[in-house]
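In what follows, a single structure is set out as structure tokens and then discussed.
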Amino acid sequence: MPIAVDIDVLLAKRKMSVGELAERVGITPANLAVLKNGRAKAVRFTTLAALCEALECQPGDLLRWEAKDAEDG
């Protein structure tokens, strides 16, 4: 998928666990793992806003577009 999710990067920078982030955001660790691993088909804006609040970041810090060629090569 051309949309990459950088939750791992922000978790490492914040020295925060997946469980702690899930608790702060109000979602299950399993659902957070689906998003974190790029397997989610969609994300609600309320969830995105909660992630940004918990991680003190902007949506663009969490999500980025990757060109299709970068994926193939």
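Every number here is computed from the coordinates shown, using simple stated rules; none is lab data. Not measured: the values here are computed from a predicted model. FYI the Cβ positions are ideal-geometry reconstructions off the backbone, even for glycines, and counts take in every protein chain you see.
Looking only at residues in segment 29-73 that are in a helix (DSSP H, G or I) and acidic (Asp, Glu), which one is nearest to Leu10 (Cα to Cα)?
Of segment 29-73, the ones in a helix (DSSP H, G or I) are 29-36, 45-55, 59-62, 68-72.
Right, trim to acidic (Asp, Glu) and you get 53, 61, 69, 71-72.
Working: Glu53: 12, Asp61: 8, Asp69: 25, Glu71: 22, Asp72: 26 Å.
Among those that are in a helix (DSSP H, G or I) and acidic (Asp, Glu), it is Asp61.
Being surrounded by 16 or more Cβ atoms within 10 Å (Cβ to Cβ) and of a type in the set (Gly, Ala, Ser) is the filter; apply it to segment 47-58 and report the residue that is farthest from Arg24 (Cα to Cα).
Applying the filter and picking the extreme gives Ala50.
Out of segment 1-28, which residues are assigned to a helix (DSSP H, G or I) and acidic (Asp, Glu)? I'd like the intermediate steps shown before the answer.
Initially, segment 1-28 is screened for residues assigned to a helix (DSSP H, G or I), giving 7-14, 18-25.
Selection gives Asp8, Glu20, Glu23.
Go through (1) basic (Lys, Arg); (2) touching a residue at least 12 places away in the same chain (Cβ under 8 Å); (3) loosely packed, with under 14 Cβ neighbours inside 10 Å and name the single condition Arg44 misses.
(2)
Looking only at segment 15-36, count every residue that is surrounded by fewer than 17 Cβ atoms within 10 Å (Cβ to Cβ), of a type outside the set (Val, Ile, Thr) and either free of Cβ contacts under 8 Å to residues at least 12 places away in the same chain or in contact with a Pro (Cβ under 6 Å, 6 or more places away or on another chain) (or both) and tell me the total.
Step one: list which residues in segment 15-36 are surrounded by fewer than 17 Cβ atoms within 10 Å (Cβ to Cβ), which gives 15-20, 23-24, 26, 28-31, 33-34.
Add one more test, that the residue is of a type outside the set (Val, Ile, Thr), and what stays is 15-17, 19-20, 23-24, 26, 29-31, 33.
Next cut, either free of Cβ contacts under 8 Å to residues at least 12 places away in the same chain or in contact with a Pro (Cβ under 6 Å, 6 or more places away or on another chain) (or both) only: 15, 17, 19-20, 23, 29-31.
Result for segment 15-36: 8.
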